[in-house]
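**Q** I am attaching a structure below and will ask some questions about it afterwards.
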Amino acid sequence: MSLRVVVVHPDLLGTYGDGGNGVVLVQRARWRGIGAELVEATSESPLPTGDLYCLGGGEDAAQAASADRLRADDALARAVERGSPVLAVCAGYQILGRTFAVAHSRPLAGVGLLDVSTSKGAGRRAVGEILAEPLCAQLPVLTGFENHGGVTVRGSSVAPLARVEAGVGNGDGTDGAVSGRVVGTYLHGPVLARNPALADLMLSWATGLTLEPLDDAEETALRDERIAAVRARRARRGLSRLERYGRYGRGRS
Ligand code: GLN
């Protein structure tokens with residue numbers, strides 16, 4: 001077996017290092033003796049055939065250009081019909097939806113593979129670490145970072161990927177969306193480097209194999225450090241609010 005992992009439009013959706021998701025998938029397949037090839041599918045050529053597709057985050061103009069090219073070519077929709085898993089992060093996630101917004105524009109058409117719509121949020125851009133508890137698979141807590149202005153509303157035909165513990169995600173207390181083997185999320189990291197169990201879920205979908213565990217000691221150390229840092233920061237913030245209330249209380253008495 002040789003698995004073709006396609007990183008979609010790294011020339012447009014390459015701002016946040018999400019091309020690393022493709023590297024993680026290929027390497028975790030090879031470590032198990034499964035042949036795997038990384039295909040960097042730039043936007044000037046039609047999308048090649050693959051077994052697994054990854055879309056990353058990007059800036060507004062590049063994201064609109066990527067969506068135009070993907071809509072002009074139904075290769076991704078055909079791949080999904082064949083059962084190929086797709087992981088789409090941030091701008092890539094928004095592109096897979098029905099519509100999305102870039103600054104000062106009317107809503108633009110997405111590819112329509114996920115029943116979600118994204119608009120520009122009225123508040124501050126969501127920037128920082130995010131922790132989210134998966135809702136639709138037996139996965140450990142998801143860790144990553146986010147950096148987006150979009151707020152995403154899910155339609156009834158998709159499930160959220162996770163419930164947000166810290167951070168913003170979709171903007172309604174959930175992160176991402178899942179429909180069949182199409183997974184969207186706001187988590188960068190790359191998300192599969194920080195969450196190898198999600199990488200293995202996508203690999204098992206793509207190969208149909210039950211995968212043997214790998215030695216993930218380094219990945220686990222990274223996860224533990226990031227998760228602990230986010231929880232400690234939240235605990236400190238909570239404490240400082242309590243301290244403030246305490247001071248007000250003393251001032252009034
Ligand atoms: N441009 C999109 C937004 O700001 C996506 C950003 C990203 O991919 N990190 O919402």
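**Q** Can you show me the helix-derived [θ] at 222 nm for the chain, built from DSSP H runs with n ≥ 4 at -39,500 (n - 2.57) apiece and divided by the number of residues, rounded to the nearest 500.
**A** Helix-only estimate at 222 nm: -11000 deg cm²/dmol.
**Q** Please list, in chain and number order, the residues 5+ apart from A88 or on another chain whose amide H is under 5 Å from its amide H, with Hs placed from the backbone.
**A** The answer is L55, V183, G184, T185.
**Q** Something else about it: Tell me, what ³J(HN,Hα) does each residue in the stretch 85-93 have, in order and in whole Hz, if you take phi through Karplus 6.51 cos²θ - 1.76 cosθ + 1.60 with θ = phi - 60° and put x for Gly and Pro?
**A** So the J values, rounded to whole Hz, are x, 10, 10, 10, 10, 6, 4, x, 4.
**Q** A follow-up question, please. Thinking of the stretch 13-100 as a set of Cα atoms, what percent of all their pairs are more than 14 Å apart?
**A** Here the tail beyond 14 Å accounts for 65 percent of pairs.
**Q** At 1.4 Å probe size, put M202, M1 in order of accessible surface, largest to smallest.
**A** M1, M202
**Q** How large a share of the accessible area of the stretch 84-217, in percent, is made up of carbon and sulfur atoms when the probe is 1.4 Å and the other protein chains stay in place?
**A** Here it works out to 52 percent.
**Q** Does the chain come out rounded, prolate or oblate by the C-alpha gyration tensor, with a ≥ b ≥ c the root eigenvalues, rounded set by a/c under 1.5 and, if not, prolate when a/b is larger than b/c and oblate if not?
**A** Here the chain falls in the oblate category.
**Q** Out of D60, D18, D224, any idea which swings most in a Gaussian network model of the chain, alpha carbons joined below 10 Å?
**A** Judging by the Gaussian network model, the answer is D224.
**Q** I'd like the accessible area for C90, computed on protein heavy atoms only with a 1.4 Å probe and all protein chains in place. Round to 10 Å², please.
**A** 10
**Q** On to the next question. Would you give the gap between the C-alpha center of the stretch 126-181 and the C-alpha center of the stretch 3-67, rounded to a whole Å?
**A** Each part's Cα centre sits 21 Å from the other's.
**Q** When the label point is put 7 Å from the Cα of E81 along its Cα-to-beta-carbon vector, which residues of the stretch 5-31 have a backbone N closer than 13 Å?
**A** Once the point is set 7 Å along Cα→Cβ of E81, nothing inside the stretch 5-31 turns out to lie under 13 Å by backbone N.
**Q** Now, a different point. Could you give the accessible area per residue of the chain, probe 1.4 Å, as a whole number in Å²?
**A** 47
**Q** What order do I130, I34 take when sorted by accessible area (1.4 Å probe), most exposed first?
**A** Heavy-atom accessible area, descending, gives I34, I130.
**Q** Spelling out what I want: for every residue of the stretch 26-38, take phi, set θ = phi - 60°, compute 6.51 cos²θ - 1.76 cosθ + 1.60 (Karplus), and round to whole Hz; glycine and proline get x.
**A** Rounded to whole hertz, the list is 4, 5, 5, 5, 4, 4, 9, x, 9, x, 8, 10, 9.
The values are calculated or read from the model by the stated rules, or taken from the named source; none is laboratory data. The structure displayed is predicted, hence computed values, not measured ones. Note that we place each Cβ from the backbone using ideal geometry, even for glycine, and neighbour counts take in every protein chain shown. We work out accessible area using only protein heavy atoms, side chains counted, and drop any ligands, DNA or RNA first. Shrake-Rupley method; radii C 1.70, N 1.55, O 1.52, S 1.80 Å.
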